[in-house]
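Notes follow once the structure below has been shown.
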Amino acid sequence: MDCQEFRIGRFTLQPFRQLLEDGVHVPIGRKALELLSHLAKAQGALVTKDELMAAAWPNAVVEDNALQVHIAALRKLLGKDAELLSTVHGFGYRLAAMPVAAAPKTVAAPETSALAAAPGRRFLPVGVIVLSAFCLGAAGLWFFRDRLPWPGAPYEARVAVLPFDTQGQDAARGFADGLQDEILSELSDNHIQAVSRTESGALRGAAASAAIERLGADLLLDGTVGSDGKTINVHVYLEDARERVNIWSDEIHGPADAPQALQAQVATRAADVVFWAKTGRSGKVRLNAATLAAFIAGRESTTMVRNGSNGAALASYSKVVAAAPDFSWGHSGVAVTNALMVLNQPESTSGSKEQLLTEARQEAERALALEPHNGEAYLALELALPPLDWQKREALLVRGTTLDPNFEPGALLEGRLLWNVGRGRDALVWFQRAHGLGPLHNSENFSLALNLAAEGHAAESRTLVSQMQVQWPGQMSSRDARFWTGVVTGTTDDVLTQLADPATRPILMDQQSADSWSAALKAISSKDPIAMAAAVKQVKEASSAGSLSRGHALTLLAMLGDLDGAFAQAELFQPTNVYSPSFLFLASTAAMRADPRFMILARKLGYVAYWRATGHWPDFCSEPGLPYDCRIEANRIVHTAATKAHSPF
């Protein structure tokens, strides 16, 4: 796969990677981008429907309607340039795309030991493993993701998206029609088999039962759309096609003058739920309606979409295990929840912690006994390890992503681990992979957006954050993404605006914490020594009161120039929250890394042991101007510590 770029009207296409308009990333679905890439590479020649179907869905049986939905979405995206994509009736499509000479950017090959060492990894081409050129690696990841090996399930559930009923204003009908297309497109992007739009109409009325059997529909996605002219109200629900009972429902509202944003939000929520419903219906064990409803509720709690608590998740997964003891994902859900309860409840007694961790390991082993390729079980085993045992944790994550390459949280957590040990460039590859596999999950978007910002890709980061605001308005990860990307990229005014409003600031940030951030950012902008001294005092008081976390405090103190205070906070810091920013390796804390005390801290946090054992050193070690050699300093610190340990005095 080469890195030739193509000009499509006002757009520039980097095949299988991204679509740009005036150098700015344009949000586009994965399947739509793949189809556009195949059409562009034909350079105006006819591409038949069969060729496009075979290229985009090589190992799946899908309806012709799936292709039509994506072609319609592409024309909508191209706007005034839509005429460049023409239909040759009865045959296929042509795209007027002009190749342009482009010198693609290359990046240094990451030393991702996980990718290099994983045995038998057939799901990534050699070019990605080596990553000698970014464009080649990105194209390879994209091209081969539909060819990822997975032990074939005996059955894969299908969903039918019914035409939504409408109430109120005439505008509701047009919105409902567009919403059905948006949902079908989202399902297709996420490899979920759907009944074609034309056939789904037969699933209503007296003949519905016969049509359900004929079409093999397991799940029905239905709903109503109402509008009073100012607001559009959408009630969407998922129904078991054979038991004819409700499995899940939700109500989503939005302004009538922004229908596309609301359609995207509803489609994202619906497709996410259908994805997990498919998981509960496509393996060796097929859950009944009640158990499937509990499984979906557990996933929503785990991903903080609804009832975001470990207690709610555990209650849901316990119902699943009780009703379907042979369902692997029920056990792995319990295992992950128990491990997360330990990470999120540091005040628990040591006895209760050990009991939870023991149960997490036991449930993970049960899940693997039922399904050896369950990546979530490996994730649970990784979470149950001591947080600072980076090397063993990485080994489990790599094992899980090798056996279950389609389970995007495994890739996400490997990215988080690499970033937490200072390997941000290598982490970006994993975050992109996780996002490619799970664009419906907000945590994947948050991690990718923040890492893009930290690695200098501010424009791509802002585009992704804007998309999150549309798809998941008000959710924790969306608010955190806006806040932290603003901090990292230095858009202080936007951060201050967000902090001033309790409805937009990060959900877990109380008033004292928000005031500390605001005071510090204003003082840094003003460069007023008096204001900065006052902000330092305010940050320390908020940290002592428990309002401001150690990671937040050390970041702010480093930004304010109080390195002694920053290192004092770092002594109490534990990088246990896998979804927090990599505080010690942000640009904001660069002054700490230039201080010789940093390597002593790194040894305490297990970083030095990881770097020396793997031979993969953090990014900052190669930065110009660092006043010490990382390897020499690390060896010196380890030798000094060993000498003291054996000294009789």
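The values are calculated or read from the model by the stated rules, or taken from the named source; none is laboratory data. Bear in mind that the values here come from a model prediction, so they are computed numbers and not experimental data. Every residue, glycine among them, receives a Cβ derived from its backbone with ideal geometry; neighbour counts consider all protein chains shown. The accessibility values were calculated without ligands, DNA or RNA, using every heavy atom of the protein model including side chains. Shrake-Rupley method; radii C 1.70, N 1.55, O 1.52, S 1.80 Å.
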#### Entry: Pair list, Cβ under 8 Å, 6 or more apart: region 467-481 residue within 17 Å of residue 257 (Cα to Cα), other residue of a type in the set (A, V, I, L, M, F, W, C) and part of a helix (DSSP H, G or I)
470/261; 470/264; 471/264
## Note on the structure
Within region 322-341, residues free of Cβ contacts under 8 Å to residues at least 24 places away in the same chain and assigned to a helix (DSSP H, G or I) come out as 322
### In region 232-264, the residues that are in a strand (DSSP E or B) and of a type in the set (Val, Ile, Thr)
232, 234, 236, 247, 252
### Message
Just to confirm my filter: which helices (runs of 4 or more DSSP H) fall fully inside region 430-545 and include at least 3 residues that are more than 22 Å from residue 344 (Cβ to Cβ), open to solvent by 10 Å² or more (accessible area, probe 1.4 Å) and in contact with a Gly (Cβ under 8 Å, 6 or more places away or on another chain)?
### Response
529-544
### Query
Name the pairs whose Cβ atoms lie under 6 Å apart, with the first residue in region 385-413 and farther than 16 Å from residue 365 by Cα, the second of a type in the set (Phe, Trp, Tyr) and open to solvent by less than 10 Å² (accessible area, probe 1.4 Å), and 6 or more positions between them or separate chains?
390/610; 391/610; 405/123; 411/430
#### Entry: Count of residues meeting criterion [among the hydrophobic types (A, V, I, L, M, F, W, C) and either within 22 Å of residue 455 (Cβ to Cβ) or modelled with pLDDT of 90 or more (or both)] in region 615-649
9
### Message
One residue is enough: does region 560-570 have a residue meeting the conditions among the charged types (D, E, K, R), modelled with pLDDT of 95 or more and closer than 15 Å to residue 601 by Cα?
### Response
yes
### Message
Taking the criterion of being under 32 Å from the mean Cα position of the chain (by Cα) and part of a helix (DSSP H, G or I), would at least one residue in region 190-207 satisfy it?
### Response
yes
### Message
With the requirement that a residue be polar (S, T, N, Q), touching a Ser or Thr at 6+ places or on another chain (Cβ under 6 Å) and outside any loop (DSSP other than H, G, I, E, B), what does region 546-579 give you?
### Response
555
#### Entry: Breaking point among (1) at pLDDT below 95; (2) under 26 Å from residue 610 (Cβ atoms); (3) not acidic (Asp, Glu), for residue 349
(2)
